[in-house]
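Structure first, commentary second.
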């Protein structure tokens, strides 16, 4: 039985005028099973958003898939026609973008923007689409869906807008939702609410979720598996307790140390500020020939500069791409 | 409110500027040896030209309030009745041209925005650049030349001989026929700029994150264009609408003179040459008024099309 979403050896390049193409996603493979929540962690610019856009065939003109395959329910998405892709987007695979303020059309009421997603995929009457939109708005936690239906985006708060965006994504009951840092732009109380909402909707609809997030709390609570991405590659994969409790790859360790968490009030000011990973992520147009993390790595070994490490499967089921664990 | 202040400012400033210009309607009479100095003096006193500036401004304002807009020396009658039919003719010309220009520019610019990098894109870029670079006067003269050579359209005026005797329907047709050439000149003059604006704002809207989001939800491309990109692009275009009226109005003065359209343009030119002060001020005020009207219309349209502006006003 193949996984719901299977990405194999996906490589995406950005070309800008002349010069070497920038490698945004580099031979990346991942699976998302039916009803599974997969968390994707990585710093800004490591290719997470590009990966999500590539899956839906929404890459900007400057980017293109160089090789690899993207299969959804066994169907290769790369060879689908424009019309077939359009039928798939929003109906079977949806996406939630990071900035809810920008994902909604500012000059149109939000209710019709939810209803039109339904209308784009179902041969239903206008009235039935409207009712469906209202019930989706209730589903994402609005107590007065009628009022929200007739509001313009600027009349709603950031959290409310993100709920509307979630309602759009859910409107046609897709099997898979790609979520690009869905809570990043919100304040922490609202984040917690939306995290709970996503969890509730996920189990209620049996959704599969590919969740890109810096929100460790969300990933720890929701994800069945966590993937760590660096410079377009997966460097580590495992259960949330494994990855968060005992990260193996030197990059995962640095990243988890650098992410903010509830500080220890007893510690000194310096101890309470998370330490950054030294150095900069590599220029995607000039990736080093060896491991992309080697220049910043505290544990480098002789082969690290020569060739990229291969993925190693460990006895506890985790995957890691580092010479320390065999390479 | 703002508009009223502006109108007052324009009236004062143009009055003072026109009065500051050397000479007056009677200045040339002094060169004529048959007219005595005393006669000229008496004439100037009769029309109040020997009074100090503030008093003359006050009198002019008073006549403005009565709707006379001052007194024309050359025509020997109040300016108001001279102005109204001219204003009507200018409005007929500019309103027709504005409507036509936008009806052309919006579909063309929208279509252009969806054709990036291609033969159509290159052709439209070249064509509009050429038309933009062409001076208005050359354009107008070129059209005139075309009309003279082919004889397809009348080359000047607003009505044919015997217009008064025609039945109602034929009269409308006659005016419409005379409208073709000046309207074509105005439209050709302004459409290139409008098309470029429309293309830019629609292209802008098509690149917006909510358009990407709409595509990500599988909304059909036509709907993305017409229901998402176009409404979002409307805001800058509506603001431009008021401005386009201003541009057309000033260009229309030129077109009217060259194509002898009996609008404000020829009257204005004639009044300036004769130093017929109050008759100069009439068209200036009328143009200001039209401009203000255009901007007011644009603001109302903006409030109607953009919900964000409606909220600000509440």
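The values are calculated or read from the model by the stated rules, or taken from the named source; none is laboratory data. The structure presented is a predicted model; accordingly, all values stated were derived computationally and were not measured. Note that we place each Cβ from the backbone using ideal geometry, even for glycine, and neighbour counts take in every protein chain shown.
Below, the figures for the structure above:
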item	result
Verdict on residue A:155 being over 20 Å from residue B:218 (Cβ atoms), within 12 Å of another protein chain (Cβ to nearest Cβ) and surrounded by fewer than 19 Cβ atoms within 10 Å (Cβ to Cβ)	yes
Residue A:165 within 30 Å of residue A:224 (Cβ to Cβ), within 14 Å of another protein chain (Cβ to nearest Cβ) and out of contact with any strand residue (DSSP E or B) (no Cβ under 8 Å at 6 or more places or on another chain)	no
Counted residues, region A:43-78 - those being more than 14 Å from chain B (Cβ to nearest Cβ), within 25 Å of residue B:114 (Cβ to Cβ) and not in a strand (DSSP E or B)	1
Set A:107, A:114: member being in a loop (DSSP other than H, G, I, E, B), under 29 Å from residue A:193 (Cα atoms) and at the interface with chain B (Cβ under 10 Å from one of its Cβ atoms)	A:107
Any chance residue A:288 is assigned to a loop (DSSP other than H, G, I, E, B) and over 26 Å from residue A:37 (Cβ atoms)	yes
The lone exception for residue A:40 - which of (1) closer than 21 Å to residue B:224 by Cα; (2) away from every other protein chain (no Cβ under 14 Å) it fails	(1)
Of all residues in region A:34-73 being out of contact with any strand residue (DSSP E or B) (no Cβ under 7 Å at 6 or more places or on another chain) and either modelled with pLDDT of 95 or more or over 20 Å from residue A:90 (Cβ atoms) (or both), the one that is surrounded by the most Cβ atoms within 10 Å (Cβ to Cβ)	A:43
Of the criteria (1) facing chain B (nearest Cβ under 9 Å); (2) modelled with pLDDT of 90 or more; (3) touching a helix residue (DSSP H, G or I) at 6+ places or on another chain (Cβ under 6 Å), which one residue A:86 fails	(3)
Subset of region A:291-307 that is in a loop (DSSP other than H, G, I, E, B) and over 17 Å from residue A:248 (Cα atoms) - its residue that is nearest to the chain's Cα centre (by Cα)	A:307
The lone exception for residue A:148 - which of (1) in contact with a strand residue (DSSP E or B) (Cβ under 7 Å, 6 or more places away or on another chain); (2) within 22 Å of residue A:118 (Cα to Cα) it fails	(1)
All positions within region A:208-228 that are out of contact with any strand residue (DSSP E or B) (no Cβ under 6 Å at 6 or more places or on another chain) and either within 17 Å of residue A:97 (Cα to Cα) or buried (at least 24 other Cβ atoms within 10 Å of the Cβ) (or both)	A:213, A:214, A:215, A:218
Test: residue in region B:288-302 that is buried (at least 17 other Cβ atoms within 10 Å of the Cβ), out of contact with any helix residue (DSSP H, G or I) (no Cβ under 7 Å at 6 or more places or on another chain) and under 30 Å from residue A:151 (Cβ atoms)	no
Answer from B:193, B:232, B:246, B:203 - the residue that is on the phi < 0 side of the Ramachandran plot and either buried (at least 20 other Cβ atoms within 10 Å of the Cβ) or at the interface with chain A (Cβ under 9 Å from one of its Cβ atoms) (or both)	B:232
Residue check for residue B:276: within 11 Å of chain A (Cβ to nearest Cβ) and at pLDDT below 85	no
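Yes or no, residue by residue, for (1) touching a residue at least 60 places away in the same chain (Cβ under 8 Å); (2) in a helix (DSSP H, G or I); (3) farther than 30 Å from residue A:103 by Cα:
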residue	(1), (2), (3)
B:191	yes, yes, yes
B:195	yes, yes, no
B:224	no, yes, no
B:227	no, yes, no
B:247	no, yes, yes
